[in-house]
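**Student:** Pasting a structure below so you can have a look.
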Amino acid sequence: MSNLSPTPITVAYGDGIGPEIMEATLRILDAAGAKLDIQTIEIGEKVFERGNSSGIAPEAWDSLLRTRVFLKAPITTPLGGGVKSLNVTVRKTLGLYANVRPCVSYAPYVETKHPGMDLVMVRENEEDLYAGVEYRQTEDVCQAVKLISRPGCERIVRYAFEYALDHNRKQVTCITKDNIMKLTDGLFHRVFNEIAKEYPQIKNDHLIVDIGAARIADTPEMFDVIVTLNLYGDIISDIAAQVAGSVGLAGSANVGDTCSMFEAIHGSAPMIAGQNIANPSGLLNGAIMMLVHIHQPEIATRVHNAWLATLESGIHTADIYKPGSSKQKVGTKEFADAVIANLGQEPKHLARVEYAKREERPITTHEYTHTPQKKEMVGFDVFLDHKAKDATALGATLSKIESDTLQLSMISNRGTKVWPNGMPETFCTNEWRCRFLSKVKAGVVKHQDLLDLLRKIEAIGFDYVKIESLCNFDGIAGYSLSQGE
Ligand code: NAD
């Protein structure tokens, strides 16, 4: 170990409790003998306040691209418009597609109703509603685009199965909402089923996110590895961390092909900042994952076992302190001192940890499954900003538009069909989706037909705000039907 040259890493102290927990974490790593060449960058509130809407200065990227390893304390995301989430920016810019969050219970030393819990959340980190593509289309209606790609699904699902193999895990559970989102979540589930076949030694199953979240809250012991989309993963990993004992305990690795970022799963907790009461364990657990990643598994083992021994000794920060079972309530600094004092110790009852040298895998360039398909345009959805609430009148006007190729087939409002044969009870906003389908056979519709249609729509005084092409792929509709269509 002593011959090892220090590994360059980039460190950001973040906002709120960030500086306190980062200082505690780095002190523990240093005392344990971690060989780190630390480059510090500034991110978060102060950078936002200087008018940089991304929360990260251009020169900080130089450091990240040089070290390719980022240990990051939580930051505060300013509310309101005009700024983007720094976390999402860093994850997406550096291609950190997999977010890995182990959630483990440490009973009886940390109070939990689920002593047998030991699950790992593998969350897709770049797509879904986090693509951040949002529009205000009318005065009353805003829209966020949920973007799911086959390459995105393939690499996160494959990552989850590879993780299970590497970590001797037995089961991967996929969580989606594909009973409702048949195209987007349906693609994720379908890819999961395809890739699961390549790993016959790992059990696989699927749950809809509502019952999946309920089971994680109720019987988390039944899960091993969970793979899920970005938004569900964000929410259910906090549930999992909380039921394991505290959101203050869990760390997280954001992994890409060439860069990685390690952090706590919790935020900057501004209400308790500067009081020396925050639990540094989440960030410390992120740092332990980093040590394994940068090939310092002995140090990771030393730190992890010292931390477990500290939990066992009953020296606890306020978030996990319980009179009776805990022995001493300590602050952030004192907790770090206790972990340092325990370096070289091992837990007596909790399972000790032993990290092996990580196998150096070649950087994988994924060959995505792309089966060429016959794409045929069959029509267009034209979204109108239209204030009148009478779907029957709107349908009557639009169905009179003369076109050789297209005819109005349906109007929906908020996804529910309101023309033809709508129900007066259906509440309508001022955004209307008007579906024009081919009068002739599929494939005959051309973009020129859309341009002609839009000119006619404009000529009768309507305001179109969005267009979607409707296509069939190998004869299967690549668009959803409305409720009631
Ligand atoms: P939070 O995770 O900061 O806090 C939630 C609750 O958990 C609070 O009661 C807090 O006191 C407690 N808590 C969190 N970490 C703790 C710790 N280490 N020790 C003891 N208690 C702890 O969530 P929030 O309040 O919703 O968000 C605060 C800010 O953090 C927001 O600006 C949010 O955008 C940001 N945030 C950042 C990240 C990140 O940087 N990765 C993640 C989530 C939220």
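Each reported figure results from applying straightforward, stated rules to the coordinates on display, with no laboratory input. These figures come from a predicted structure and were not determined experimentally. Positions of Cβ are generated from backbone atoms using ideal geometry, with glycine treated the same way; all protein chains shown enter the neighbour counts.
**Student:** Among 105-117, 194-206, what's the highest-first ranking by average C-beta atoms within 10 angstrom per residue?
**Tutor:** Packing proxy ranking, top to bottom: 105-117, 194-206.
**Student:** If packing is taken as the mean number of other Cβ atoms within 10 Å per residue, what is the order of 59-66, 118-125, 83-90, highest first? Could you put the intermediate results ahead of the total?
**Tutor:** On the way: 59-66: 15.5, 118-125: 24.5, 83-90: 19.1.
Going from most to least packed, we get 118-125, 83-90, 59-66.
**Student:** Something else: Taking the 0 to 90 degree range and rounding to the nearest ten, how far is the long axis of helix 150-166 tilted relative to the main principal axis of the chain, both from C-alpha atoms?
**Tutor:** With both axes taken from Cα atoms, the answer is about 30 degrees.
**Student:** What whole-number distance in Å separates the alpha-carbon centres of the range 373-442 and the range 249-301?
**Tutor:** That distance is 51 Å.
**Student:** What is the diffusion coefficient of the chain in µm²/s, taking the Kirkwood radius over Cα pairs and the Stokes-Einstein relation at 10 °C with a viscosity of 1.306 mPa s?
**Tutor:** Estimated via Stokes-Einstein, D reaches 63 µm²/s.
**Student:** Taking Rh as the Kirkwood radius, which is the inverse of the mean 1/r over Cα pairs, what is the Rg/Rh value for the range 234-313?
**Tutor:** Rg/Rh for the range 234-313 comes to 0.99.
**Student:** Ok, one more. About its Cα centre, how strong a charge dipole does the range 1-151 have in debye, to the nearest 20, once Lys and Arg get +1 and Asp and Glu get -1 at the Cβ? It would help to have the intermediate numbers written out before the result.
**Tutor:** Numbers: 16 positive and 19 negative charges, 82 e Å.
About 400 debye.
**Student:** Between Asn421 and Asn276, what is the label-to-label distance in nm when each label sits 7 Å out along the Cα-to-Cβ direction?
**Tutor:** Between Asn421 and Asn276, the label points sit 7.4 nm apart.
**Student:** A further question follows. Would you please classify the overall shape of the range 262-350 from the alpha carbon gyration tensor, given that a ≥ b ≥ c denote the square roots of the eigenvalues, rounded means a/c under 1.5, and beyond that prolate means a/b larger than b/c while oblate covers the rest?
**Tutor:** Numbers: a/c = 2.21, a/b = 1.18, b/c = 1.88.
Verdict is oblate for the range 262-350.
**Student:** Using per-residue counts of other Cβ atoms within 10 Å, averaged over each peptide, order 371-381, 40-50 from highest down.
**Tutor:** Output ranking for 371-381, 40-50: 40-50, 371-381.
**Student:** So what is the 222 nm mean residue ellipticity for the chain from helices alone, if each DSSP H run of at least 4 adds -39500 (n - 2.57) and you divide by all residues, rounding to the nearest 500 deg cm²/dmol?
**Tutor:** That calculation yields -9500 deg cm²/dmol at 222 nm.
**Student:** In terms of Cα to Cα distance under 19 Å, which lysines are near enough to Lys113, apart from those fewer than 8 places away along the same chain?
**Tutor:** Candidates past the 8-residue exclusion: Lys322.
**Student:** A further question follows. For Leu147, what residues show an amide H to amide H distance below 5 Å, using hydrogens built from the backbone and excluding near sequence neighbours?
**Tutor:** Amide H neighbours of Leu147, under 5 Å, 5+ apart: Asp128, Leu129, Ala131.
**Student:** log10 I(q)/I(0), Debye, Cα-only the range 196-275, no solvent, q = 0.21 Å⁻¹?
**Tutor:** -1.14
**Student:** Also, quick follow-up: Counting only residues 5 or more places away or on other chains, whose amide H sits under 5 Å from the amide H of Ile401 once H atoms are built in the peptide plane?
**Tutor:** Result for Ile401 returns nothing.
**Student:** Further question: Taking 0.36 nm per intervening residue step and subtracting the Cα-Cα distance, what contour gain separates Arg414 from Lys322 on full extension?
**Tutor:** Working: separation 92, 0.36 × 92 = 33.12 nm, distance 4.88 nm.
Full extension of this stretch gives 28.2 nm more.
**Student:** When N counts the residues of the range 412-452, how does its alpha-carbon radius of gyration compare numerically with 2.2 N^0.38 Å, as a ratio?
**Tutor:** 1.51
**Student:** In addition: Under 21 Å from the Cα of Lys84, which lysines turn up, not counting those fewer than eight places away in the same chain?
**Tutor:** Cross-link targets: Lys46, Lys72, Lys92, Lys146.
**Student:** Another question, if that's okay. In the neighborhood of Ala164, defined by Cβ-to-Cβ distances under 9 Å, what is the net charge if each Lys or Arg adds +1 and each Asp or Glu adds -1? Each step should come with its number before you reach the end.
**Tutor:** On the way: positive: Arg169, Lys170; negative: Glu162, Asp166, Asp224.
Net of charged neighbours comes to -1.
**Student:** Also, quick follow-up: Could you state the angle between the C-alpha long axis of helix 58-67 and the longest principal axis of the C-alpha atoms of the chain, as a value from 0 to 90 degrees rounded to the nearest 10?
**Tutor:** Approximately 60 degrees, to the nearest ten.
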